[in-house]
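The values are calculated or read from the model by the stated rules, or taken from the named source; none is laboratory data. What you see is a predicted model; the values in this text were computed from it and never measured. Please note: Cβ atoms are built from the backbone with ideal geometry, for glycine as well, and neighbour counts cover all protein chains shown. Surface accessibility is based on the protein's heavy atoms, side chains included, excluding ligands, DNA and RNA. Shrake-Rupley method; radii C 1.70, N 1.55, O 1.52, S 1.80 Å.
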Amino acid sequence: MTERTSNVDSLMNAAREAAQTAYAPYSKFLVGAAILTEGGAVHAGCNVENASYGLSICAERNAATTMVSASPDDRRIKSVAIFSPNTSPCFPCGACRQFLREFGCEEVVVEDASSLRRYPFEEILPNSFGPEDL
Ligand code: THU
């Protein structure tokens, strides 16, 4: 899903909506993520599991790969919102933190008891390794 938005509440709404499409028959743990790009585009994704469990893909990485395919000229991440109806707040896993880092993610937004918490990315993945280090 790709659309345009400007505020963090609608970004979280996009993540919430994406969680509804999660394919999680094994864990039953539904996750949605929505990325806001520097250019103002929103790209959402859900987790997609597989009978070969290790092939499962997280919502955040699905949102990021959608961004890469959909907007080759607008691939810098301002913010990513993550939502799960199963747990709150739902933080990104370690692999997804590194994946988001690749695209310069500046902020992570999670929901806590229906209010939003915003974290600078440096707090989420301190002293990280990225494309600038190569
Ligand atoms: N999951 C995500 O989609 N994002 C996260 O950051 C944490 C975990 C998914 C993967 C798997 O489908 C399910 O949640 C349970 O781990």
Exactly one condition in (1) surrounded by 20 or more Cβ atoms within 10 Å (Cβ to Cβ); (2) within 23 Å of Ser115 (Cα to Cα); (3) within 10 Å of the ligand (Cβ to nearest atom); (4) without any contact (Cβ under 8 Å) to a residue 60 or more places away in the chain is not met by Phe29; state its number. (1)
How many of the residues making up the stretch 87-104 are over 17 Å from Ala14 (Cα atoms) and either in contact with a Lys or Arg (Cβ under 8 Å, 6 or more places away or on another chain) or at pLDDT below 95 (or both)? 5
Just give me the residues in the stretch 87-105 being more than 12 Å from the ligand (Cβ to nearest atom) and either part of a loop (DSSP other than H, G, I, E, B) or more than 12 Å from the chain's Cα centre (by Cα) (or both), in sequence order. Ser88, Glu102, Phe103, Gly104, Cys105
Name the residues in the stretch 32-58 that are near the ligand (Cβ under 10 Å from one of its atoms), over 26 Å from Pro72 (Cα atoms) and in a loop (DSSP other than H, G, I, E, B), would you? Glu49, Asn50
Can you list residue pairs whose Cβ atoms sit under 8 Å apart, with the first residue in the stretch 37-63 being free of Cβ contacts under 8 Å to residues at least 24 places away in the same chain and over 17 Å from Cys93 (Cα atoms) and the second being open to solvent by less than 60 Å² (accessible area, probe 1.4 Å) and not β-branched (Val, Ile, Thr)? Count only pairs 6 or more apart in sequence or on different chains. Asn50/Ser56
Mind listing whichever residues of the stretch 72-106 are open to solvent by less than 20 Å² (accessible area, probe 1.4 Å) and among the polar types (S, T, N, Q)? Ser79, Ser84
